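Peer 1: Structure below; questions to follow.
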Amino acid sequence: MAQPVIGVLALQGDVREHLEMLAGLGVTATAVRSEQQLGGVDALVIPGGESTTMWRLAGTFGLLDPLRERVRAGMPAYGSCAGMILLADRLHDAAAGQQTIGGIDVTVRRNAFGRQVDSFEADLDFPALADGAPIHAVFIRAPWVEDVGAGVEVLARVPAAPAAGEEGGPAAGRIVAVRQGSLLATSFHPELSGDPRVHALFLDIVTESVEGKG
Ligand code: GLN
């Protein structure tokens, strides 16, 4: 079949970086900010940014229910950071009234790493990525995954010393990448660090899903 069309939810956040990453991998990627545009894509990337803002704008643009319906119907989706929050079934430290699209059977804690380590970088083992080399991960006011349901695969965790000069601490070992079926989420931002392998993994998931239907 024709190459699948990947959308990037373009309500707020680092949309351009995801579009560039996907273009670099040679796929057609397009910004999605209406129900009609959502209808034209086979899969969706939800960028990093601010999940409360995206949730409010999704409501304003009439996209929340259409997004939920597409995800429920099996559309592959990948969320980075705020996008992970939007794909979580449950939240800790949500803003008042904040809702998600859901789809991944996890509880995600917003801004989990705390003020001292607002933003940090770490090399993570992420064996599902091509060539198996660690990935350099950029975390910005990032969430972590507090618990996972039975159908969720844990793909990466924070290593034992998450930030320079820190030994262990509450972040050590926290789950920061998960997959459930054709839904993928990372607490960090591969679109900012320039490593295309998480997006490449997502494209493999999209291909599998499209072929599975064919
Ligand atoms: N803390 C942000 C939120 O709750 C996520 C931060 C990010 O995407 N870099 O949406």
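Peer 1: Keeping every protein chain present and rolling a 1.4 Å probe, give me the accessible area per residue for segment 6-112 in Å². Write down the numbers at each step before the final one.
Peer 2: Values: 4090 Å² over 107 residues.
Per residue, segment 6-112 has 38 Å² of solvent-accessible surface.
Peer 1: Suppose accessible area is computed on protein heavy atoms with a 1.4 Å probe; arrange Ser209, Ser187 from highest to lowest. Kindly include the intermediate steps, with their values, before the conclusion.
Peer 2: On the way: Ser209 20, Ser187 0 Å².
Heavy-atom accessible area, descending, gives Ser209, Ser187.
Peer 1: Still on this structure, please answer the following. Could you please state how large a percent of the accessible area of the chain is carbon and sulfur, counting protein chains only and using a 1.4 Å probe?
Peer 2: Values: 4500 of 9220 Å².
Heavy-atom surface of the chain belonging to carbon and sulfur, 1.4 Å probe: 49 percent.
Peer 1: Counting Lys and Arg as +1 and Asp and Glu as -1, each charge on the Cβ, what is the dipole of the chain about the Cα centre in debye, to the nearest 20? Don't jump to the answer; show the numbers that get you there.
Peer 2: Details: 16 positive and 26 negative charges, 116 e Å.
Dipole of the chain, to the nearest 20 debye: 560 debye.
Peer 1: How many angstrom lie between the Cα centre of segment 26-94 and the Cα centre of segment 112-154?
Peer 2: 20 Å
Peer 1: Could you order peptides 80-89, 194-203 by the average number of other Cβ atoms within 10 Å of their residues, highest first? Please report the intermediate quantities before stating the final value.
Peer 2: Details: 80-89: 27.5, 194-203: 20.0.
Final packing ranking: 80-89, 194-203.
Peer 1: Only bridges whose two residues both fall in segment 53-186 count here: according to DSSP, what percent of them are antiparallel, nearest 5? Provide the component values of the computation, followed by the final result.
Peer 2: Values: 19 of 27 bridges.
Among the beta bridges of segment 53-186, antiparallel pairing accounts for roughly 70 percent.
Peer 1: In nanometres, what is the gap between the two model label sites at Ala160 and Thr60, each 7 Å from Cα along Cα-to-Cβ?
Peer 2: Label at Ala160, label at Thr60, 4.8 nm between them.
Peer 1: Give me the distance in nm between label points sitting 7 Å out from Cα along the Cα-to-Cβ direction at Ala31 and Glu208, one decimal.
Peer 2: Placing both labels 7 Å beyond Cα along the Cβ direction yields 3.2 nm.
Peer 1: Normalised by the number of residues in the chain, what is the relative contact order in percent for Cα pairs under 8 Å and 6+ residues apart? Could the numbers behind the result be given before it?
Peer 2: Working: 471 pairs, mean separation 38.9, N = 214.
With pairs under 8 Å counted, the relative contact order is 18 percent.
Peer 1: Which value in deg cm²/dmol, rounded to the nearest 500, describes the helix-derived mean residue ellipticity at 222 nm for the chain, given -39,500 (n - 2.57) per DSSP H run of n ≥ 4 and division by the residue count? Mind dumping the intermediate values first?
Peer 2: Numbers: 7 runs with 61 residues, N = 214.
So the calculated ellipticity at 222 nm is -8000 deg cm²/dmol.
Peer 1: Run the numbers for Asp123 and Ala96: contour at 0.36 nm per residue of separation, minus the present Cα-Cα distance, in nm.
Peer 2: Values: separation 27, 0.36 × 27 = 9.72 nm, distance 3.37 nm.
Contour length minus Cα-Cα distance gives 6.4 nm.
Peer 1: Rounding to the nearest 20 debye, state how big the charge dipole of segment 1-56 is about its Cα centre with +1 on each Lys and Arg Cβ and -1 on each Asp and Glu Cβ. Display every interim value, and only then the final one.
Peer 2: Numbers: 3 positive and 6 negative charges, 22 e Å.
Using only the charged Cβ atoms, the result is roughly 100 debye.
Peer 1: Among Ser80, Gln36, Val178, whose Cα lies farthest out toward the positive end of the dipole of the chain, if unit charges sit on the beta carbon of Lys, Arg (+1) and Asp, Glu (-1)?
Peer 2: Gln36
Peer 1: Could you list the residues of segment 18-54 with an amide nitrogen less than 16 Å from a label point located 7 Å from the Cα of Ala73 in the Cα-to-C-beta direction?
Peer 2: 34-44
The values are calculated or read from the model by the stated rules, or taken from the named source; none is laboratory data. For clarity, every value in this text was computed on a predicted model and none was experimentally measured. Counting neighbours? That spans all protein chains shown, and the Cβs are built from the backbone with ideal geometry, glycine included. Areas reflect the complete protein model, heavy atoms only, side chains present, ligands, DNA and RNA absent. Shrake-Rupley method; radii C 1.70, N 1.55, O 1.52, S 1.80 Å.
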